[in-house]
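The next block holds one structure in the form of structure tokens; read it before the comments.
The values are calculated or read from the model by the stated rules, or taken from the named source; none is laboratory data. In this text the structure is predicted, and so the values were computed from the model without any measurement. Backbone-built Cβ (ideal geometry, glycine too); neighbour counts: all protein chains shown. Remember, those area values only see protein heavy atoms, side chains included, never the ligands or the DNA or RNA. Shrake-Rupley method; radii C 1.70, N 1.55, O 1.52, S 1.80 Å.
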Amino acid sequence: MVLRRALGLLSLSAIVCAASAVPARGQDTPKDAAAAIKAGFIADLDELQAKFVGLAETFPQDTYKWRPMEGVRSVSEVLMLAAFEGYTFIPSSFGAPPMALGSREEMAKIRATSDKAEVVAHLKKAFAYAKSQMTALDPGTLTGKHKVMGMDMTVRETQIHISGDLHEHLGQLIAYARMNHIVPPWSK
């Protein structure tokens, strides 16, 4: 009985400590927590880059314009969307500058790229840019809120939003691969 009560108090103490270490939704993030979130996000970007590039290299060139039906993105369009997120959306969401890609017309031309070698090169360059911008950020600048798509978000909310979006696109590409009888390289 005494042991059960002691374990119960210990468990309750652990929950209280854990809850107090994480800021409530919408509150400013402590600098050490922001640094940990940043490091975790960069690690996630490493994994996402490996998977996006792996799929881009595995899809044959003749499938880059394939789409499962009219009105949805093609293989190359999904891959280039991920690249553009690395060039622009990821850094700017955390307060870093997006990569200068030229005029709107030049960006539209890059976005429409469907050559396999160019798409792979853009993915590598875009993820490298996003990671370099994230690495350079001082965690102290990540403690408040930033405007992301018109919403005020903490660093944790931003990380969850962007990671979720990229993982959704990765899942989309995995489905495209399976429909084309392509096995993702990490599944072999």
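Structure values in brief
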read-out: Across LYS51/LYS131; LYS116/LYS188; LYS51/LYS145; LYS38/LYS124; LYS65/LYS147, pairs whose alpha-carbon gap is larger than 27 Å; value: LYS51/LYS145; LYS65/LYS147
read-out: Highest-MSF residue in the chain out of ALA175, ALA121, ALA136 [GNM, Cα springs under 10 Å]; value: ALA136
read-out: Local electrostatic count at HIS167 - Lys and Arg +1, Asp and Glu -1, tallied over other residues with Cβ under 12 Å; value: -4
read-out: Among GLU106, GLU168, GLU77: highest mean-square fluctuation, GNM of the chain, C-alpha pairs under 10 Å; value: GLU106
read-out: Order of exposure, largest accessible area first, which applies to VAL119, VAL183 with probe 1.4 Å; value: VAL183, VAL119
read-out: Heavy-atom accessible area order for TRP66, TRP186, largest first, 1.4 Å probe; value: TRP186, TRP66
read-out: Size of charge dipole - the chain - debye, nearest 20, with Cβ of Lys, Arg +1 and Asp, Glu -1, no other charges; value: 420 debye
read-out: The range 62-117 - percent relative contact order, Cα under 8 Å, separation 6 or more; value: 38 percent
read-out: Heavy-atom accessible area order for THR135, THR58, largest first, 1.4 Å probe; value: THR135, THR58
read-out: Relative contact order, percent, the range 96-157 [alpha-carbon distance under 8 Å, six or more residues apart]; value: 24 percent
read-out: Dipole-positive endmost among ALA100, ALA33, LEU137 within the chain (Cβ charges, Cα centre); value: ALA33
read-out: Mean separation of Cα contacts under 8 Å, 6 or more apart, over the residue count of the chain: relative contact order %; value: 32 percent
read-out: Principal-axis tilt of helix 2-21 within the chain, Cα atoms, nearest 10 degrees; value: 50 degrees
read-out: Accessible-area composition of the range 87-184, carbon plus sulfur, in percent [1.4 Å probe]; value: 58 percent
read-out: Per DSSP, loop trypsin sites (Lys or Arg not before Pro) in the range 77-131 with at most 13 further Cβ within 10 Å; value: none
read-out: Residues of the range 93-141: accessible area per residue with a 1.4 Å probe, Å²; value: 54 Å²
